[in-house]
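Q: I have a structure here, written as structure tokens, and I will follow up with some questions on it.
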Amino acid sequence: MAIRRRASFRFYLITDRKLVRSGTLADACEAALLAASEVAPPGSVALQVREKDLEGRALYDLCVKLREICTRCGAPMLVNDRIDIALAARADGVHLPSDSIGVAMARKLVGDGMLIGVSTHSPPDVAAAAKEGADFAVFGPIFDPISKSFALRARGKAGLDAACRAGGIPVYALGGITADRARDLMTDAGAGARAAGVAGIGAILGADSPADAMRAMLAALNSARR
């Protein structure tokens, strides 16, 4: 029987190849993850491959390439929604959008050896994800997103606190997360309501230097933990 994995990372990097300013998505992810491996313990950053418009073969090929980079840099890799590709590419987990199949069904497919993350937008969403057996939840938007428009209103710090209290699983804040905001969110957490970390897309992949942006993000998270 596989041992159930734990979500122990502090930053959750979510991909969007359309935001990369120079080179390929793989180049940007490699630069960011190598920078993370230089300044933080292995496993501090996880990568979610979220390229919804790619067809199956292209997505699989990308995941295989990113799997090698993640392994070399000590970063868990998860695949958004596509459980078949997550299994084929030997990912560390799968991330379920709010409209995807349920956690219970996903668990039957991937077993206990893979992480299951869930996108959530309210404290009841987090509670439901925890009850169904998710390993962690991404909650947002906390602020107006940097990289894309979003129909839901920003939840703010109060919304994040409520989400963290709702389900007893690690919660990661998403939406408009900069290094300064990450530091503030983690520093100002109330008793029993601290987020496990933060998630981001544009703050890293949309930066002129994904490596420098990752170093700044991890420095902010590290200073908040002291």
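The values are calculated or read from the model by the stated rules, or taken from the named source; none is laboratory data. Remember, it's a predicted structure, so these values are computed and weren't measured experimentally. Glycine gets a Cβ as well: all are built from the backbone with ideal geometry, and neighbour counts include every protein chain shown.
Q: Which of (1) of a type in the set (D, E, K, R); (2) free of Cβ contacts under 8 Å to residues at least 12 places away in the same chain; (3) closer than 23 Å to residue 135 by Cβ does residue 18 not meet, given it meets every other one?
A: (3)
Q: Residues being modelled with pLDDT under 95 and either crowded, with 17+ Cβ neighbours inside 10 Å or of a type in the set (D, E, K, R) (or both): count how many of those fall in region 3-13.
A: Count: 4.
Q: Give the residues of region 102-135 that are charged (D, E, K, R) and surrounded by fewer than 21 Cβ atoms within 10 Å (Cβ to Cβ), sorted by residue number.
A: 107, 108, 112, 125, 131, 132
Q: Additional query: For region 14-27, indicate whether the set of residues that are in contact with a Ser or Thr (Cβ under 8 Å, 6 or more places away or on another chain) and surrounded by 22 or more Cβ atoms within 10 Å (Cβ to Cβ) is non-empty.
A: Taking every residue of region 14-27 in turn, none turns out to be in contact with a Ser or Thr (Cβ under 8 Å, 6 or more places away or on another chain) and surrounded by 22 or more Cβ atoms within 10 Å (Cβ to Cβ).
Q: Are there strands (runs of 3 or more DSSP E) fully within region 1-100 with at least 2 residues that are among the β-branched types (Val, Ile, Thr), touching a strand residue (DSSP E or B) at 6+ places or on another chain (Cβ under 7 Å) and at negative phi? List them. Show your work before the answer.
A: Values: elements: 11-14, 45-49, 77-80, 93-96.
In region 1-100, 45-49 are the strands (runs of 3 or more DSSP E) which contain 2 or more residues that are among the β-branched types (Val, Ile, Thr), touching a strand residue (DSSP E or B) at 6+ places or on another chain (Cβ under 7 Å) and at negative phi.
Q: Any residue in region 30-48 that's of a type in the set (Val, Ile, Thr): show its pairings with residues that are modelled with pLDDT of 95 or more and part of a helix (DSSP H, G or I) at Cβ separation under 7 Å, as long as the two are six or more apart or on different chains.
A: 39/215; 39/218; 45/33; 45/36
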